[in-house]
Amino acid sequence: MSIKRILVTGGAGFLGSHLCDRLVDAGHDVICLDNFFTSQKSNVAHLLGRANFELIRHDVTHPMYLEVDEIYNLACPAAPGHYQYNPIKTMKTSVMGAINVLGMAKRCRAKVLQASTSEVYGDPDVHPQPEDYRGSVNPIGPRACYDEGKRAAETLFFDYHRKNGVNIRVARIFNTYGPRMHPFDGRVVSNFIRQALAGSDITIFGDGLQTRSFCYVDDLISGLIALMEGSDDFVGPVNLGNPHEFTIRRLAEQVLEQVGGASRLVKKDLPEDDPKQRCPDIGLAAARLGWRPRVDLREGLAKTIAWFRAIDIADYRAPTPNY
Ligand code: NAD
Ligand code: UDP
């Protein structure tokens, strides 16, 4: 294997820290760049002593000058409460961050992967969602800063590819969960586990009949690396996620069953523009990358619950008041 210099923006976050683990263990020279908006150094503290790992505090909305062979662009708040806290900054992070990493990729002739999202499909009226579905996004709603920011970033990636020959990859990531999710990110898996462990009410937004499908983090990271390392004639966009779909109410019951305890399920208002259903069509990833998820929900939840039990929640600061 050839050792590559690899930049991971957003590398201290939930997905980014697992990706850094994998790349460092594979022997690559890894630069983790993060402004720590929604993460903390503890996610990568165990890597700090490794000779092939380097940590840079930087904001991707400002240019970066590094010499690298590959870039994974993950920097962006991902949980609704975080990306809605400062929506203008969220849009800047997606768009200016994309311009900055693409400019660097063009200069260094680096390969660059964009962490896009199932949110580009909005509240979908095609189900499950294949890559050629163009989506149903409200461009002026509270989720638009994230959804439209990610859509604009995809546009920039494909224009740099077509016009400047930049070697790109675009992954559309569906809901992913696992250890190192921020306990106060407000996302459903982290909320339900934190609430169940504390014995407090489990908050179901709306009737709980909206669906999602959840991919365990290890599977997702394997998909990202397979896409980056795959053939240059397959740039995506490609869906990466677990097609096992169920309702949010079912997820609450499953978490309660695995954590135990006496929490009650309580209903809260459904947030505006909350998608009613979401499930990836992963036929393309299976055919072109030979990738499919392997960890089922029970096993993934067990690992995630074990991590939440092991952390001291007092070590975590809520990044925004919106959790
Ligand atoms: P996360 O919030 O844990 O990680 C994002 C990281 O980016 C954090 O460390 C944060 O501090 C950093 N960051 C934010 N703004 C930045 C900026 N301006 N400059 C530098 N760093 C910045 O979220 P995550 O779940 O790990 O998501 C990682 C990426 O994957 C995001 O781009 C997200 O949109 C995408 N994604 C994640 C999911 C998921 O379910 N986890 C689903 C779809 C897409
Ligand atoms: N949700 C919920 N209770 C919570 C947090 C979220 O019922 O405490 C719901 C939310 O309304 C959505 C789903 O769970 O329908 C997934 O929410 P999340 O924020 O994790 O991700 P999304 O897929 O909406 O971006």
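The values are calculated or read from the model by the stated rules, or taken from the named source; none is laboratory data. Everything numeric in this text was worked out from a predicted model, so none of it was measured. We place every Cβ from the backbone using ideal geometry, glycine too, and count neighbours over all the protein chains shown. All accessible areas refer to the heavy atoms of the entire protein, side chains included, with ligands and DNA or RNA removed. Shrake-Rupley method; radii C 1.70, N 1.55, O 1.52, S 1.80 Å.
Cut-off under 16 Å on the C-alpha distance; same-chain residues fewer than 8 positions from Lys4 excluded. Which lysines are left, in chain and number order? The qualifying lysines are Lys111.
Computed over the chain, relative contact order equals 18 percent, with contacts defined as Cα pairs under 8 Å that lie 6+ residues apart. Expressed as a whole percent, the accessible surface of the chain that belongs to carbon and sulfur atoms is 50, based on a 1.4 Å probe.
Note on the chain: with a GNM built from Cα contacts shorter than 10 Å, the maximum mean-square fluctuation among Tyr65, Tyr146, Tyr85 falls on Tyr65.
Highest GNM mean-square fluctuation among Gly27, Gly122, Gly11, for the chain modelled with Cα contacts below 10 Å: Gly27. Toward the positive end of the charge dipole of the range 171-323, with +1 on the Cβ of Lys and Arg and -1 on the Cβ of Asp and Glu, the farthest Cα among Ala314, Gln277, Met181 is that of Ala314.
Are there any trypsin sites (Lys or Arg not before Pro) in the range 236-323 that are in a DSSP loop and have at most 15 other Cβ atoms within 10 Å? List them by number. Please report the intermediate quantities before stating the final value.
On the way: sites: Arg249, Arg250, Arg264, Lys267, Lys268, Lys276, Arg278, Arg288, Arg294, Arg298, Lys303, Arg309, Arg317; in loops: Arg264, Lys276, Arg278, Arg294, Arg317.
Those satisfying the criteria are Arg264, Lys276, Arg294, Arg317.
Could you work out the helix-only [θ] at 222 nm for the chain, with each DSSP H run of four or more residues adding -39,500 (n - 2.57) and the total divided by the number of residues, to the nearest 500 deg cm²/dmol? Before the final figure, lay out each step's value.
Numbers: 9 runs with 116 residues, N = 323.
Mean residue ellipticity at 222 nm (helix-derived): -11500 deg cm²/dmol.
For a quick check: with amide H placed at 1.01 Å from N, whose amide H comes under 5 Å from Cys279's, ignoring anything fewer than 5 positions away on the same chain? Long-range HN contacts for Cys279: Gln129. Largest accessible area first, the residues Lys4, Lys163 order themselves as Lys163, Lys4 under a 1.4 Å probe with ligands, DNA and RNA left out. The overall shape of the range 33-108 is oblate: from the C-alpha gyration tensor, with semi-axes ordered a ≥ b ≥ c, the ratio a/c is 1.5 or greater and a/b is no larger than b/c. Scaling the Cα radius of gyration of the range 83-150 by the globular reference 2.2 N^0.38 Å produces a ratio of 1.27.
A DSSP coil position with no more than 11 other Cβ atoms inside 10 Å describes the following GluC sites (Glu not before Pro) in the range 10-92: Glu67.
Scalar couplings 3J(HN,Hα) for the range 83-94, obtained by applying the Karplus form with A = 6.51, B = -1.76, C = 1.60 to θ = phi - 60°, are 6, 8, 5, 9, x, 5, 5, 4, 5, 4, 4, 5 Hz; x denotes Gly and Pro. Compute the Cα gyration tensor for the range 183-226, then decide on rounded, prolate or oblate, letting a ≥ b ≥ c be the square roots of its eigenvalues: rounded whenever a/c is under 1.5, prolate when a/b is larger than b/c in the other cases, and oblate in all that remain. In terms of gyration-tensor shape, oblate.
Between the amide H of Lys4 and those of Asp29, distances stay under 5 Å, these residues lying 5 or more places away or on another chain, with hydrogens modeled in the peptide plane. Under the rule a/c < 1.5 gives rounded, and otherwise a/b versus b/c splits prolate from oblate, where does the range 30-188 land using the Cα gyration tensor? Judged from the Cα gyration tensor, the range 30-188 comes out oblate (a/c at least 1.5, b/c at or above a/b). A cut-off under 12 angstrom between Cβ atoms defines the neighbours of Leu7, and their net charge, with Lys, Arg +1 and Asp, Glu -1, is -3.
Could you report the chain's accessible area per residue, 1.4 Å probe, as an integer in Å²? Working shown, then result.
Values: 13600 Å² over 323 residues.
Value returned for the chain: 42 Å² of accessible area per residue.
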